[in-house]
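This report refers to the structure that appears directly beneath it.
The values are calculated or read from the model by the stated rules, or taken from the named source; none is laboratory data. What you see is a predicted model; the values in this text were computed from it and never measured. All Cβ positions, even for glycine, are placed from backbone atoms using ideal geometry, and neighbour counts span all protein chains on display. When the accessible area is computed, the model is the full protein with side chains, heavy atoms only, and any ligands, DNA or RNA have been set aside. Shrake-Rupley method; radii C 1.70, N 1.55, O 1.52, S 1.80 Å.
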Amino acid sequence: VQLQASGGGLVQAGGSLRLSCTASGSIFSINVMGWFRQAPGKEREFAAVIDRSAGLTYYSGSVKGRFTISRDNAKNTVYLQMNSLKPEDTGVYYCASKRGNYASRLPDEYNYWGQGTLVTVSS
């Protein structure tokens, strides 16, 4: 499975961005896709996850109400719509996928990772 993330950029606080992650390869083996982020000098942290078949979604407390994860199964693509962005949302955003159906929040449980896309929110 290969994951290609895109959509990052520079935005002012309060603005919006939409990230995309397109999967290719043995996509039949994955059902859960998540977004993680890593700020400079910090560990990678969970942001959002979606169960591709059921459409169930879960969010971290820091993004809930501002970010929305969605999927387009026909395009093998998962999106992360980010609204009301804050400077503390700055970081590299990674999409990831895992085998199985459990929508984990732990990075170590994910099998495949995209290359990351940089989001910078200026104050």
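Put the Cα centre of segment 14-43 next to the Cα centre of segment 56-123 and the gap is 4 Å. Fully extending the segment from Lys42 to Thr120, taken as 0.36 nm per residue of separation minus the present Cα-Cα distance, adds 26.6 nm.
With contacts defined as alpha carbon pairs under 8 Å and 6 or more residues apart, what's the relative contact order of the chain in percent?
36 percent
Between the amide H of Tyr112 and those of Ser97, distances stay under 5 Å, these residues lying 5 or more places away or on another chain, with hydrogens modeled in the peptide plane. Cross-link partners for Lys42 among the aspartates and glutamates, with Cα-Cα distance under 17 Å and sequence neighbours closer than 8 places in the same chain left out: Glu88, Asp89, Asp108. Applying 0.36 nm per residue to the separation of Gln12 and Asp72 and subtracting their alpha-carbon distance, the gain on full extension is 18.8 nm. Dipole size of segment 18-123 about its Cα centre, with +1 on Lys/Arg Cβ and -1 on Asp/Glu Cβ: approximately 180 debye, rounded to the nearest 20.
Tell me whether the chain comes out rounded, prolate or oblate; compute the Cα gyration tensor, take square roots of the eigenvalues as a ≥ b ≥ c, and use a/c under 1.5 as the rounded threshold.
It comes out prolate by the Cα gyration axes.
GNM remark for the chain: springs join alpha carbons under 10 Å apart, and the peak mean-square fluctuation among Lys75, Lys86, Lys98 falls on Lys75.
Quick one: pull the percent of accessible area on the chain belonging to carbon and sulfur, 1.4 Å probe, ligands and nucleic acids left out. Intermediate values should be presented prior to the final figure.
Working: 2940 of 6130 Å².
Its accessible area is 48 percent carbon and sulfur atoms.
Comparing Pro87, Pro40, Pro107 in a Gaussian network model of the chain where C-alpha atoms under 10 Å apart are linked, the largest mean-square fluctuation is found at Pro40.
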